[in-house]
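Novice: Pasting in a structure now, in structure tokens, and then I'll have a few things to ask.
The values are calculated or read from the model by the stated rules, or taken from the named source; none is laboratory data. The structure displayed is predicted, hence computed values, not measured ones. A quick note on method: Cβ atoms are made from the backbone with ideal geometry, for glycine too, and the neighbour counts reach across all protein chains shown. These area figures cover heavy atoms from the full protein model, side chains too; ligands, DNA and RNA do not enter into them. Shrake-Rupley method; radii C 1.70, N 1.55, O 1.52, S 1.80 Å.
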Amino acid sequence: MTSHGYLSELFSLDGRVAVVTGGSSGIGRAIAGALAGAGASVVVVARREAELVATVGELAARDCRAAWVSADLSTRDGLRAAAEGAAEAFGEPDILVNCAGVNLRPPMGELGEDVWDTTMAVNLEAPYLLGQRFGPGMAERGFGRIIHITSQQAHRAFVQSGAYGVSKGALESLARSQAEAWSPYGVTCNTLVPGFVMTPLNARLSSDPEKVAALAARTMVGRNGLAEDFAGAAVFLASRASAYVTGQSIFVDGGFSVH
């Protein structure tokens, strides 16, 4: 067997269908591109239609199979509509990547119920409900991959973790519960944990050069993260190569968490 054939057997996503929420920007967009490049048909789910069109257009230009669904994941009705729209594009998904998130972090003393509710709806309830919609079908078919994008704030409190940190910590617990339920049937459930990544979601910190430099200095590789740093890890977790990896939180952070 050639090296190309060996790698293809391990990592190819040919014939697979992936749904990526938050896939029109930042880490989600990079992951959508990586999964499509590995052969998956990818449905990108996000709010802003212009960004969705641009993302899918870029994938189509690379001869990838892609579609988009515009949705508000902060409401259950919007979420259910998004799930059905995503399944209509290429069929029921084999891979679900939950990357959509909101990053609202007022000081704890100013944290109101509106911010709490919105944060939990998008960052935690949406991945739960999408898992309930797609996970059982994956288990019935004997193959599935659920990947959540969490945060350093799931493990440690800093830069006003607030409701955001709570939602991400709970999301890692959700991954373990999903893994317990569905891994015996071929469905793995894991999380990718970024360090500080220069994406629109982190615009508040990105606008402060001193904080950006301090965060880079804390990272063992000496720089902050880029969205494309997640491509390899996402393809690994989506492929047959990761069949024995489940319930895990995998840090893609340049050593930030262990510095």
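Novice: Under a 1.4 Å probe, what is the accessible area of the chain per residue, stated in Å²? Write out the running numbers ahead of the final one.
Specialist: Working: 11660 Å² over 259 residues.
Heavy-atom accessible area per residue stands at 45 Å².
Novice: Using each residue's phi in segment 122-133, evaluate 6.51 cos²θ - 1.76 cosθ + 1.60 at θ = phi - 60° and report the 3J(HN,Hα) Karplus result to the nearest Hz, with x for Gly and Pro.
Specialist: Those phi angles translate into 7, 7, 10, 5, 4, x, 5, 5, 5, x, 5, 6 Hz.
Novice: Just Gln152, Gln178, Gln160 to compare: in a GNM of the chain, with alpha carbon springs under 10 Å, which one fluctuates most?
Specialist: Gln160
Novice: How much length is gained on full extension from Glu180 to Tyr244, taking 0.36 nm per residue of separation minus their Cα-Cα distance?
Specialist: Values: separation 64, 0.36 × 64 = 23.04 nm, distance 1.30 nm.
Answer, rounded to one decimal: 21.7 nm.
Novice: If you don't mind, there's one more thing I want to ask. Among Thr55, Ala40, Ser70, whose Cα lies farthest out toward the positive end of the dipole of segment 6-80, if unit charges sit on the beta carbon of Lys, Arg (+1) and Asp, Glu (-1)?
Specialist: Ser70
Novice: Quick one: if the Förster radius is 22 Å, what FRET efficiency do Tyr6 and Arg62 give, using the C-beta to C-beta distance and rounding to 0.05? Display every interim value, and only then the final one.
Specialist: Values: r = 24 Å, r/R0 = 1.08.
Efficiency computed from Cβ-Cβ geometry: 0.40.
Novice: Translational diffusion coefficient, Stokes-Einstein: compute it for segment 68-221 using the Kirkwood radius over C-alpha pairs as Rh, at 25 °C and 0.890 mPa s, and state it as an integer in µm² s⁻¹.
Specialist: Using the Kirkwood radius from Cα pairs, D works out to 147 µm²/s.
Novice: Over the Cα atoms of segment 99-152, what radius of gyration and what Dmax do you get, in Å?
Specialist: Expressed in Å, the Cα Rg and Dmax of segment 99-152 come to 14.6, 47.
Novice: May I pose another question? Could you give the dipole magnitude of the chain about its Cα centre, charging the beta-carbon of Lys and Arg +1 and that of Asp and Glu -1, in debye to the nearest 20?
Specialist: It comes to approximately 460 debye.
Novice: Additional query: Would you calculate the separation in nanometres between label points at Asp208 and Ala157, each defined as 7 Å from the Cα along the Cα-to-beta-carbon direction?
Specialist: 1.8 nm
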